[in-house]
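The values are calculated or read from the model by the stated rules, or taken from the named source; none is laboratory data. Note that this is a predicted model, so its numbers are computed, not measured. All Cβ positions, glycine included, derive from the backbone under ideal geometry; neighbour counts span all protein chains shown. The area values use the complete protein model at the heavy-atom level, side chains included, leaving out ligands, DNA and RNA. Shrake-Rupley method; radii C 1.70, N 1.55, O 1.52, S 1.80 Å.
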Amino acid sequence: MKHSLRPSPTALLDPKYDSSFKAMFTQDTKESKAALTDFISTILNRKIKDLQLVQNEPPVEIINQNKMSFDVSVKFEDGERADIEMQSRQENYDYSARAEIQAARLLSTNNKSGDNWHTPAVYQISVLDFVFDKDDISPLSWYTMRKDNGGRLSDRTNIIFLELTKIHDLLGKPAKELSKLEKWGLFLSYAGDERYTGYIDEIISSEGGLMNAKSSLCTVSKDEILWAQQNSIDKARRDYNTIVFNANEQGYKNGHEKGLKEGREEGLKQGIQQGIQQGMQQGMQQGMQQGIQQVAQNMISAGMPIAQITQLTGLSEAEIQNL
């Protein structure tokens, strides 16, 4: 009997993984489309009557395409466009600049279909499983172009962040006391965690859009390829976190010893501190770099896309190709 990667017959893929997120929202079924329409309507706080998926990359089933990402790109009935992405791990780059550039590209693409400047608006929507704006407790942040006095420019470019971690504290709160946005946030955060199945099902039963999302997620959770993808990403993250931890530990030890030696030779407290800091930094950087390269090599062997390896490890495409 063939072994299944699915932990149990009722286990669901975790929507916080970008491959599972895209699969749930891009199936050729009425449930998947209804769920996506409801999710975007909730984010934009307006009723989206109809939308169509825009092919922006290879299908989710093709997992060894090097240039593949997992954004969901859609076009509304009025010509407006949106790009939705899931980011479950904070990387070492500026998310505000990244989102701004993505939104600018989306607006430029949307303008190519016309011969004047009456371009429909675009929305870059990023769902983040980490804190983006620590100074704002609201889970939803919406940015547009404004004058220095607060006046709007044209509302053509919209950048939206949904921070799931700011909704986590609501776990266990009765469904009737939650907003629709909060329900979606809890569903995306915990639908794949069987410890909270009863509570999440209570939330799902209160919203038609979530019922459709659950139905679509159940369907894609039967796909062994998607489980293999999720397990590979999970293993890569665990390997990366272990490497970082070990590099910090070894770097601290090496740096401390080196710092003491250099400090004794100089006989100055300043020398000790500088030696410790320099040694720790060098040790951690060398250990982390070697470990990250090893993880990247393992990902390449597993057939993961270069774009995703770059996202998970922070290495450039050139560095990955030279491994």
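For this structure, a couple of remarks:
- Residue among L188, W142, A175 farthest towards the positive dipole end of the range 128-241, charges placed on Cβ: W142
- Among the chymotrypsin sites (Phe, Trp or Tyr not before Pro) in the range 86-135, those placed in a DSSP loop whose Cβ has at most 12 other Cβ atoms within 10 Å are Y93, W117.
- Rounded to the nearest whole Hz, the Karplus-based 3J(HN,Hα) values (6.51 cos²θ - 1.76 cosθ + 1.60, θ = phi - 60°) of the range 12-24 follow the sequence 10, 4, 8, x, 6, 7, 4, 5, 6, 4, 5, 4, 4, with x at glycine and proline.
- Radius of gyration over Kirkwood radius for the range 163-254, both on Cα atoms: the Rg/Rh ratio is 1.13.
- For the range 188-239, the per residue solvent-accessible surface stands at 45 Å², with DNA, RNA and ligands left out and a 1.4 Å probe.
- Spacing of the two label points (7 Å from each Cα toward its C-beta) at I225 and N116, in nm: 4.5 nm
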